[in-house]
1. Among K152/K178; K219/K302; K238/K324, which pairs are too far apart, with a Cα-Cα distance over 21 Å?
2. What distance in nm separates the simple spin-label points at R160 and Q124, each placed 7 Å from Cα in the Cβ direction?
3. Can you count the Lys pairs in the stretch 11-110 with C-alpha separation below 15 Å, eight or more apart or on different chains?
4. Subtracting the Cα-Cα distance from 0.36 nm times the residue separation, let me have the gained length for Q114 to S227 in nm, one decimal.
5. Take the Cα coordinates of the stretch 1-146, assign each an equal point scatterer, and use the Debye formula without solvent to give log10 I(q)/I(0) at q = 0.12, 0.19 Å⁻¹.
6. Whenever you get a sec, compute what percent of the accessible area on the stretch 11-110 sits on carbon and sulfur atoms (1.4 Å probe).
7. Project the alpha carbons of the chain onto their principal axes and report the range along each, largest first, in whole Å.
8. Which order do you get for R284, R31, R300, R135 if you rank them by accessible area with a 1.4 Å probe, largest at the top?
Amino acid sequence: SYTTDTKSGEENKKTLESLYSLSVDITKIRRLKEWVLLQDVAYVKEIAGILKEMGADETTVANIIERCPEAILHTPAEINSQRALWQLVCQNEKQLIKLIEQFPESFFTTEYQQNQKANILFFQELGLKNNIITRFLTSAPNIFYNPVEKNKIVIKTLQRNYLNLGGSEANMKIWILKLLSQNPFILLNTSTAIQENLEFLQKNDFTDQEVLQLLSKLKGFIFQLNSTTMQKSMVFSKNIFKCSDQELKQLVLKCPALLYYSVPVLEERLEGLLKEGISIAQIRETPMVLELTTQIVQYRIKKLSALGYDIKSGNLESLNGTKKDFEVTYGKLQSKKERPIFNPVAPLHIED
């Protein structure tokens, strides 16, 4: 929430007039962030001018201001600095204005410009492509608010651990870049947390090679966990599946979600599967099904049942995977069902 000490508590008439002239829907701003309209100073015409200069038409300008009204409280100098900053990674102003329209809040956060610039240059040095950096700027802007030194420490910790776990110097750069592209939020962790989580896996008898495998499979999400929640999840899985430590380890390697999800999440998902008549033995055979929410499982079972596929007697492979994977599986089962039993053009076997 944002509080402001405007003297009058009344809307600024000059701001309102400027917004009306740009065809901005003021009721939207009142509903979203009325405090913006109460400010004594706003730069409506100037900010609109900069956006138009970049190629935005009137509708786009109005849309940006409606979605992020605080844009008009920034000085033209701040916005021009931000524009120059984002141009370090944008192909042209056409792409830049498109990004501003989609993610105005990310663009109009100007308090960390020095950190943003230092981090952009660091990511470029690391070898991240500009299109990945623009994706970070829009979907994970807070990683740029860190001082660059903090991000460098996290990256060095990852590099050191990768080599200590037996990863090769030649593959390290690709591994780091892939990990970052999949999950930039790794950078919001401390290097200590990263170290502790890796040590937890090693204490639980995962070999160095297996730890590396888990890191890649978990897309770095393992660094957002802590040893206590991982321990609880492993104990819960061991009890449910009635397995030895070695068997549990194999299940976790097959389905890292057993490590990643908390006990309440795993409980809820198991309950959902059991309600559908699926057995613990089936789940143990295909634990990856626990990566799906109960709603997704119910929807997929319903679709498969309509084709006459009995999930209780079959294996759970057909439920697995992404939406795209499932659609492929479903399509194959559907065409199998629709195929005629008797093929009129097939050669006849008299013995039959």
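1. Values: K152/K178 16 Å; K219/K302 31 Å; K238/K324 31 Å.
Flagged as over cut-off: K219/K302; K238/K324.
2. In this crude label model, R160 to Q124 measures out at 2.9 nm.
3. Details: K13/K45; K14/K45; K52/K94; K52/K98.
Pairs that pass both the separation and distance tests number 4.
4. On the way: separation 113, 0.36 × 113 = 40.68 nm, distance 3.49 nm.
Using 0.36 nm per residue and subtracting the Cα-Cα distance, I get 37.2 nm.
5. Here log10 of I(q) over I(0) equals -0.50, -1.12.
6. Details: 2380 of 4800 Å².
Here carbon and sulfur together make up 50 percent of the probe-accessible area.
7. Result, largest extent first: 90, 57, 42 Å.
8. Numbers: R284 75, R31 175, R300 15, R135 100 Å².
Largest accessible area first, the residues go R31, R135, R284, R300.
The values are calculated or read from the model by the stated rules, or taken from the named source; none is laboratory data. Quantities reported herein were computed from a predicted structural model and do not represent experimental measurements. Backbone-built Cβ (ideal geometry, glycine too); neighbour counts: all protein chains shown. Heads up: the accessible areas ignore ligands, DNA and RNA and are worked out on the full protein's heavy atoms, side chains in. Shrake-Rupley method; radii C 1.70, N 1.55, O 1.52, S 1.80 Å.
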